[in-house]
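Undergrad: Got a structure for you, written out below as structure tokens; questions coming shortly.
Coordinate-derived values only; no laboratory data. As the structure is a prediction and not an experimental result, all values here were calculated from the model. Virtual Cβ from ideal backbone geometry, glycine too; neighbours counted across all protein chains shown.
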Amino acid sequence: QFVLEPEQDIDEANETYFLTAAAIGTLFKRNASISGAEVGCQGEVGSASSMAAAGLTALLGGTPAQVEQAAEIAIEHNLGLTCDPVAGLVQVPCIERNGFGASKAISAARLAMHEDGDHRVSLDQAIETVRRTGLDMSSKYKETSLGGLAVSYVEC
């Protein structure tokens, strides 16, 4: 179920989704980063996926614990993601990574909706892991186009 029911108010649904997503985004911004130049794409695509998962879970009527769990599931599967744009352009692999991030958000919301919100890793712990992983990550993988896919691409 990913469609608004006829009795749902679109403005209220938008408010629920965006306020929930913004709250999660604020946690990432304050406690880690949302910048690929600071923590790699885990901070960009990962945090966006986490925000979308939380917002969708809230729209689906999830409890606060399920919303938090959806956000955690989404970021958990983006940890360590490098920011290595080919030719320094935000195109390859960026566009596809964001598409997969959206798919992960939907999957995370669906998983969380089938749980009671009780899980091993909290969102706070996962966000701290983003921060620590970003600190450990070589600068080559932080939006510089000096490593990863950015240097593996051969123009024919």
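Undergrad: Roughly how many whole Å is it from the C-alpha centroid of the stretch 79-143 to that of the stretch 2-59?
TA: Result: 13 Å between the Cα centres.
Undergrad: Between (i) 10, 41, 36, 11, 2, 0; (ii) 12, 45, 36, 7, 0; (iii) 13, 38, 30, 15, 4, 0, which entry matches P(r) over Cα pairs in 10 Å bins from 0, in percent as derived from the coordinates of this structure?
TA: (iii)
Undergrad: What nm value, rounded to one decimal, do you get for the distance between Arg120 and Val154 when each label is placed 7 Å out toward the C-beta?
TA: It is 4.1 nm.
Undergrad: Lys/Arg Cβ at +1, Asp/Glu Cβ at -1, dipole of the chain taken about the Cα centre: which of Ile24, His114, Leu81 is farthest positive-ward?
TA: Of the candidates, Leu81 comes out farthest on the positive side.
Undergrad: Relative contact order of the chain, please, whole-number percent, based on alpha carbon pairs below 8 angstrom and at least 6 residues apart.
TA: 30
Undergrad: Rounded to the nearest 10 degrees, what's the angle between the helix 47-59 long axis and the longest principal axis of the chain, both from Cα atoms, 0 to 90?
TA: 10
Undergrad: Taking the Cα centre of the chain as the origin, how large is its charge dipole in debye, to the nearest 20, when only Lys and Arg (+1) and Asp and Glu (-1) carry charge on their Cβ atoms?
TA: Around 700 debye, computed over the chain.
Undergrad: Another question, then. Using the basic label-point model (7 angstrom from Cα toward the beta carbon), what is the Thr63 to Ile10 distance in nanometres?
TA: 3.3
Undergrad: May I pose another question? In straight Cα distance, which aspartates and glutamates are under 15 Å from Lys142, not counting same-chain residues fewer than 8 positions off?
TA: Glu38, Glu44, Asp84
Undergrad: Could you derive backbone 3J(HN,Hα) for the stretch 145-150 from the dihedral phi with the Karplus parameters 6.51, -1.76 and 1.60 (θ = phi - 60°), listing whole Hz in sequence and x where the residue is Gly or Pro?
TA: Ordered by residue, 3J(HN,Hα) equals 6, 9, x, x, 4, 4 Hz.
Undergrad: Enter the angle in degrees (range 0 to 90, nearest 10) between the Cα long axis of helix 123-136 and the first principal axis of the Cα atoms of the chain, meaning the one along which they spread out most.
TA: 10
Undergrad: Where does helix 94-113 land angle-wise versus the long Cα axis of the chain, in degrees 0 to 90, nearest 10?
TA: That helix lies at roughly 30 degrees to the long axis.
Undergrad: Let me ask something additional. Explain nothing, just the number: dipole magnitude of the stretch 98-156 about its Cα centre with +1 on each Lys and Arg Cβ and -1 on each Asp and Glu Cβ, in debye rounded to the nearest 20.
TA: Charge dipole, the stretch 98-156, about its Cα centre: 160 debye, nearest 20.
Undergrad: Hey, another quick one. Based solely on its DSSP helices, what 222 nm [θ] is calculated for the chain when runs of n ≥ 4 H residues each add -39,500 (n - 2.57) and the sum is averaged over all residues, nearest 500 deg cm²/dmol?
TA: When only DSSP H runs of four or more count, the value is -18000 deg cm²/dmol.
Undergrad: Quick check on packing: order 12-23, 76-87 by the mean number of other C-beta atoms within 10 Å, highest mean leading.
TA: My ranking of the peptides, most packed first, is 76-87, 12-23.
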